[in-house]
Amino acid sequence: MTSAIGLRVYRIDLRERGSQALLPLDSEELDTPLPEFISSFIGKHDHPIQNNELERSLYFEEKINDGPGSSRGYVHYGTYGFESNFVDTKTKKKKYRRQVSDVEEIPLFYEFWWPEGSHFALVAFQSFQGRSCITMVMGRLKEEFEKVNPDHILIYNKLMPNDAKGSAYSSSRVKQLRLIKRKTSSDLADQYFENATAEVIDFEVTISARRNGDLGPFSSLFKSIKSGPKSIISCAGIDFPEAIASIKVGKKLRRVGVLGHNGDAGVIDLTETIVRGPDGHPTFASLVEESNSILQDFYEVLDDAL
């Protein structure tokens, strides 16, 4: 089965401590403007940094520098702290015994983009089979920036489908909606299969528009979502805690998480659109193409909303 590739997009803003008003990223009030700080941060972290509490490590490999605050490349992200066996999938023979100090490292694409003069920046992070470096990277960026600029706060927020004003998704037309309810009772399966052995099943409903139609604007979907500690969508009397919509983002039809667990909401699925190399990872060129298109699309919507 092909490994899932996702892209999460975050907006970066600044404000002065004690104030809710947002500041330009290159404000003269800053000791070090954020665009310059981002560039120096990437250059400074080009060697492995370990977080022993999380048992994670990372370092940047910058491939393209487009000026202050704009950079593309890889975050080499790894896990360590446990032993395991590496086994040949065909022969089942053990090839290597991983040690506690060994790091399993994967390349994850990143792109920081600050359109010169903009009040905000955007950053995109790739995920691989659900693994993502966002928390570690952005937490460290925020901590180090605020040490240099103690009177200011760096804010980063994932662009979510249900963002109200200026949502990057709101005007997109929905072609398909997939509703998912995992680990539910097998009562439904029992209605169709005799002597079903599964006690727990995953239940899905897919609603699709015909060839030249759509289900309506993405923004209207959220009228159907019941808000609360755990948001849900109800369909035919069944509550679904997960939902994935197929909408146009970055000039292409893409699957975007609407509701879900483990931060799946807002994740753009690139699994079927990127090109993979012989190593099983997406090629850098295909990730650049997808990220550029998505960030440009988001920026135009968010900039118009200011």
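Structure summary
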item: Estimated inter-spin distance, Asp202 and Lys63, nm [label 7 Å along Cα→Cβ]; result: 3.0 nm
item: For the stretch 87-98, 3J(HN,Hα) per residue [Karplus equation, 6.51 cos²θ - 1.76 cosθ + 1.60, θ = phi - 60°, Hz, x = Gly/Pro]; result: 10, 5, 5, 8, 8, 6, 7, 6, 9, 7, 9, 5
item: CD proxy at 222 nm, helix term only [per DSSP H run n ≥ 4: -39500 (n - 2.57); per residue of the chain; nearest 500]; result: -5500 deg cm²/dmol
item: Sorted largest first, extent of the stretch 13-146 alpha carbons per principal axis (Å); result: 61, 29, 23
item: Residues Val301 and Asp31, FRET efficiency given R0 of 25 Å [Cβ-Cβ distance, rounded to 0.05]; result: 0.20
item: Residue order for Thr135, Thr184 - accessible surface, 1.4 angstrom probe, largest first; result: Thr135, Thr184
item: Carbon plus sulfur fraction of accessible area for the chain, probe 1.4 Å, in percent; result: 48 percent
item: Simple spin-label estimate for Glu143 and Thr271 in nanometres, 7 Å along Cα-Cβ; result: 3.3 nm
item: Cleavage-rule hits, GluC sites (Glu not before Pro), the stretch 51-107, DSSP coil, Cβ neighbours within 10 Å at most 10; result: Glu53, Glu83
item: Gain on full stretching of the segment that runs from Arg97 to Arg17 - 0.36 nm per residue minus C-alpha separation; result: 23.8 nm
item: Extended-chain gain in nm, criterion 0.36 nm per residue less alpha-carbon gap, Asn157 and Gln50; result: 36.1 nm
item: Cα-Cα over 22 Å, subset of Lys175/Lys251; Lys44/Lys147; Lys158/Lys248; Lys175/Lys252; Lys181/Lys251; Lys183/Lys252; result: Lys181/Lys251; Lys183/Lys252
item: Computed over the chain: relative contact order in percent, which uses C-alpha pairs under 8 Å that are six or more apart; result: 18 percent
item: 10 Å Cβ shell holding at most 14 others, DSSP loop, chymotrypsin sites (Phe, Trp or Tyr not before Pro): longest site-free stretch of the chain; result: 194-306
item: 5 angstrom amide H check on Arg254, placed H, neighbours 5+ away; result: Ile247, Lys248, Val249
item: Simple label model, 7 Å out from Cα along Cβ direction - Ser293 to Ile238, nm; result: 3.3 nm
item: Glu300 - accessible surface, heavy atoms, 1.4 Å probe, Å² rounded to 10; result: 80 Å²
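The values are calculated or read from the model by the stated rules, or taken from the named source; none is laboratory data. None of the values given here were measured: they were computed from a predicted structure. Reconstructed Cβ throughout: ideal geometry from the backbone, glycine too, with neighbour counts over all protein chains shown. Ligands, DNA and RNA are excluded from the accessible area calculation, which covers all protein heavy atoms including side chains. Shrake-Rupley method; radii C 1.70, N 1.55, O 1.52, S 1.80 Å.
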